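The values are calculated or read from the model by the stated rules, or taken from the named source; none is laboratory data. Worth saying up front: this structure is predicted, and the values here are computed from it rather than measured. Note that we place each Cβ from the backbone using ideal geometry, even for glycine, and neighbour counts take in every protein chain shown. Keep in mind that these areas ignore ligands, DNA and RNA; they rest on the heavy atoms of the full protein, side chains included. Shrake-Rupley method; radii C 1.70, N 1.55, O 1.52, S 1.80 Å.
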Amino acid sequence: MAATDLERFSQNAELESRNLPLGGHVGFDSLPDQLVSKSVTQGFSFNILCVGETGIGKSTLMNTLFNTTFETEEASHHEECVRLRPQTYSLQESNVQLKLTVVDAVGFGDQINKDERPIVDYIDAQFENYLQEELKIRRSLFDYHDTRIHVCLYFITPTGHSLKSLDLVTMKKLDSKVNIIPIIAKADTISKSELHKFKIKIMGELVSNGVQIYQFPTDDEAVAEINAVMNAHLPFAVVGSTEEVKVGNKLVRARQYPWGVVQVENENHCDFVKLREMLIRVNMEDLREQTHSRHYELYRRCKLEEMGFQDSEGDSQPFSLQETYEAKRKEFLSELQRKEEEMRQMFVNKVKETELELKEKERELHEKFEHLKRVHQEEKRRVEEKRQELEEETSAFTRRKAAVEALQSQAFHATSQQPLRKDKDKKKS
Ligand code: GTP
Ligand code: MG
């Protein structure tokens, strides 16, 4: 047998497993218990994102769901943009520790310029943090505080009409990143028949717009039936209240109105119990699992592909991190060189352009100077001519003045000698 055949034979022998009967009790049937005990010691984290307009009842529902009072301040209607506010609480039920994070999308839907981008960015940032931890040389995923969003409760305003376009756009942007459970908030403000039609309309709109909402899983036999029934009840119409009202001889959480009492945990009044069952008791682990295996996996794949990593296919060489890194480095350096060359060329062009512009300006200035010089000479010549004219006029005037003065003095002499002669003539006679 050739060396390569031998290798293939030994590989096949390793892959094939044989069933063996056990002679007695060994103890590995306790593996599930070991897992449970490890998980219980480690504790669980569950992160809920609440998206809905200001005052829709997000905080009240969270308080009602977990039967506690989380510290919450009312959101302002004057936020400049959508802000994500995470708050983490440690809860304990029996011996199970739950680190619950409630993230509020503050300011969402208040004004038209408030879009879903900050929400998408927040979800991505949590995936990125997890990926960074995974890629660390010394990683500690065991006690890492996982902040990835496991479920997004999308609060729909109980208008009875259709979904707002903002709701559709936002859910469409989020559906590949998070498990969305749509809920109709303040369901006590809408009549039963209207609610039924509203639910059908919402589901129709979600389907026709290709929005993928979270479907309760039906592959696990133990919960398949209940989950299938609950999928048909989506979106859940909920009522929240932390107020306790006496009904019969029992204190129940309810909203009291002049015409009656809406009991939060009465399934004839609203779907609150269905939501709590599905979200917390039946599908919490599936939501966590889906977040990791579907949404995070998609983020991770896209991110690693973006960084140049590829899986080897079929018979090709196994994936080499070193080679990928080198290839990416080379690609980066050549891109850097290309950019540098581009910038240098741009700079040279700019200098040439500026030089041409300066030359043009110089030429224009020179022309202007020559023109001004010509105008100046012309003006000088005209002034000189004027001066000569004036000088000639002045000398003509002087001559005329001298002639007039001479004539005047002659005339004066003539007139002053005539009376003397007359006196002499009188004396003689
Ligand atoms: P911000 O955090 O300020 O955005 O508000 P929010 O969405 O957290 O709403 P919050 O829970 O503070 O409730 C706002 C108002 O709605 C309060 O007056 C609640 O009593 C009332 N509210 C809450 N849930 C319901 C409900 O199911 N039905 C009715 N009718 N009112 C509700
Ligand atoms: Mg609130």
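Ranked by accessible surface with a 1.4 Å probe, highest first, in what order do LEU407, LEU100 come? The partial results should precede the final answer.
Numbers: LEU407 115, LEU100 0 Å².
Result of the area sort, largest leading: LEU407, LEU100.
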Quiz item: Counting only protein heavy atoms and using a 1.4 Å probe, what share of the accessible area of the chain belongs to carbon plus sulfur, as a whole percent?
Solution: 53 percent
Practice problem: May I ask you to order 199-207, 276-284, 394-402, 48-56 by the average number of other C-beta atoms within 10 Å around their residues, highest value first? | Solution: 48-56, 276-284, 199-207, 394-402
Quiz item: Order of 166-178, 293-305, 128-140, 364-376 by packing, highest average Cβ count within 10 Å first?
Solution: 166-178, 293-305, 128-140, 364-376
Exercise. Skip the ligands, DNA and RNA, and give the accessible area per residue of the chain with a 1.4 Å probe, whole Å².
Key: 71 Å²
Exercise. Go ahead and estimate [θ] at 222 nm for the chain from helices alone: -39,500 (n - 2.57) per DSSP H run with n ≥ 4, summed, over the residue count, rounded to 500.
Key: -17500 deg cm²/dmol
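As a quick test, which of the pairs LYS201/LYS246; LYS99/LYS250; LYS173/LYS201; LYS246/LYS274; LYS136/LYS339 have an alpha carbon distance above 25 angstrom in this structure?
LYS201/LYS246; LYS99/LYS250; LYS136/LYS339
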Quiz item: Of VAL247, VAL262, VAL103, which has the largest mean-square fluctuation in a 10 Å C-alpha GNM of the chain?
Solution: VAL247
Practice problem: First select every other residue whose beta carbon is under 14 angstrom from the beta carbon of LYS172; then total the charges, Lys and Arg +1, Asp and Glu -1. | Solution: -1
